[in-house]
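In what follows, a structure is listed as structure tokens, so that the remarks can point back to it.
The values are calculated or read from the model by the stated rules, or taken from the named source; none is laboratory data. Everything numeric here is computed off the predicted structure, so don't read it as measured data. Here the Cβ is made from the backbone with ideal geometry for all residues, glycine too, and neighbour counts use every protein chain on show.
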Amino acid sequence: MYNRSMAKTKLGVLISGRGSNMKAIVAACQREEIPAEVALVVSNRASAPGLAWAGEQGIPTVVLSHREYATREGHDGAVVTALRGAGVEWVCLAGYMRLLSAYFVESYAGRILNIHPSLLPSFPGLDAQRQAWKYGVKVSGCTVHLVDAELDHGPIVVQRAVPVLEADDPETLAARILEQEHQAYAEALRRLLTEPWSLEGRRIRFGALEART
Ligand code: GAR
């Protein structure tokens with residue numbers, strides 16, 4: 001558990017579907033593993049199952065369909081306005097299947113996280129678990145990273161490796177990666193919100209600067 005005197009950071013979680021990573025973040029906040037609370041869940045799809053779950057938990061939710069905006073910037077502008085309105089300080093992409101515009105990335109510069117189901121930089125993009133399985137890698141996993149303007153690209157915060165078993169198909173591999181995703185997201189948030197860290201190029205260094213040689 002973190003030091004209780006720490007102020008809780010307000011998180012905004014963006015989803016497009018199931019929302020299991022969102023649930024894992026909410027659970028980690030409730031277990032007080034991370035000094036944060038989910039202040040808003042945003043979905044670009046009204047039918048996202050995770051949205052209903054969040055509503056049932058009493059978490060504020062908003063649907064902002066990208067189809068109702070002429071441009072990516074227009075949609076992102078509405079999302080950023082909603083996040084700011086809820087006092088959101090950090091943004092967690094959790095199965096949010098939209099590329100963020102430069103405007104969005106700059107609005108929350110260095111405070112947007114994404115989770116991706118492969119060991120980046122291998123297999124960015126859609127259906128990463130199937131890509132890895134088809135390629136024949138023996139180890140895959142997941143990556144939590146800071147978001148920049150490129151797809152599945154920013155500085156890496158946490159990675160977890162998952163072996164690919166002989167008997168695996170894309171679905172069984174994805175299921176084992178997902179278990180690790182849920183732990184990795186909470187770990188990344190805990191470290192970023194409770195430890196000193198800095199960026200050197202695209203490398204995230206944890207620990208106080210003066211403690212390093
Ligand atoms: C997760 O596997 C996440 O890593 C992936 O979508 C899934 C969402 O599941 N994200 C990406 O592929 C982003 N490039 P969830 O809705 O149950 O969290």
Open item on the list: Can you find a residue that is farther than 26 Å from Thr194 by Cβ, crowded, with 17+ Cβ neighbours inside 10 Å, within 16 Å of the ligand (Cβ to nearest atom) and among the aliphatic types (A, V, I, L, M) anywhere in the range 116-129?
Closed with: yes
- [ ] Quick one: count up the residues across the range 130-142 that are more than 9 Å from the ligand (Cβ to nearest atom) and closer than 15 Å to Gln159 by Cβ.
- [x] 5
Task: Selected residue (criterion: surrounded by the fewest Cβ atoms within 10 Å (Cβ to Cβ)) from residues of the range 53-75 that are closer than 18 Å to Ala36 by Cα and out of contact with any strand residue (DSSP E or B) (no Cβ under 6 Å at 6 or more places or on another chain) - done: Gly58
TODO: Taking only the range 1-17 into account, find how many residues are in a loop (DSSP other than H, G, I, E, B) and near the ligand (Cβ under 8 Å from one of its atoms).
DONE: 2
Open item on the list: Looking at Val38 and the list (1) away from the ligand (no atom under 11 Å from the Cβ); (2) over 14 Å from Glu89 (Cβ atoms), which single condition is not satisfied?
Closed with: (2)
TODO: Under 9 Å between Cβ atoms, at least 6 apart or on separate chains: pull out the pairs that start in the range 18-29 with a residue that is more than 6 Å from the ligand (Cβ to nearest atom) and end on any residue that is among the acidic types (Asp, Glu).
DONE: Ala24/Glu181; Val26/Glu37; Ala27/Glu33; Ala28/Glu187; Cys29/Glu37
TODO: Test each condition in (1) within 15 Å of the ligand (Cβ to nearest atom); (2) not in a strand (DSSP E or B); (3) not β-branched (Val, Ile, Thr) for Tyr103 and report the one that comes out false.
DONE: (1)
Open item on the list: Being aliphatic (A, V, I, L, M) and under 15 Å from Ser16 (Cβ atoms) is the filter here; which residues of the range 44-89 pass it?
Closed with: Ala46, Ala48, Leu51, Ala52, Ala54, Val62, Val63, Leu64, Val79
Task: Filtered residues of the range 173-201 (kept if closer than 20 Å to Ala94 by Cα and among the β-branched types (Val, Ile, Thr)) - done: Ile177
Open item on the list: With the requirement that a residue be out of contact with any helix residue (DSSP H, G or I) (no Cβ under 9 Å at 6 or more places or on another chain), under 17 Å from Gly19 (Cβ atoms) and modelled with pLDDT of 95 or more, what does the range 94-127 give you?
Closed with: Tyr96, Asn114
TODO: Please work out if Ala188 is out of contact with any helix residue (DSSP H, G or I) (no Cβ under 7 Å at 6 or more places or on another chain), in contact (Cβ under 8 Å) with a residue 60 or more places away in the chain and either farther than 28 Å from Ser101 by Cα or surrounded by 15 or more Cβ atoms within 10 Å (Cβ to Cβ) (or both).
DONE: yes
TODO: Filter the range 144-170 down to the residues that are within 14 Å of the ligand (Cβ to nearest atom) and free of Cβ contacts under 8 Å to residues at least 40 places away in the same chain, then identify the one that is farthest from Val26 (Cα to Cα).
DONE: Glu150
Open item on the list: Can you list residue pairs whose Cβ atoms sit under 7 Å apart, with the first residue in the range 109-122 being more than 14 Å from Val88 (Cα to Cα) and the second being away from the ligand (no atom under 13 Å from the Cβ)? Count only pairs 6 or more apart in sequence or on different chains.
Closed with: Leu119/Ala161; Leu120/Ile156
Task: From the options Gly77, Gly58, residue that is of a type outside the set (A, V, I, L, M), modelled with pLDDT of 95 or more and either within 15 Å of the ligand (Cβ to nearest atom) or assigned to a loop (DSSP other than H, G, I, E, B) (or both) - done: Gly58
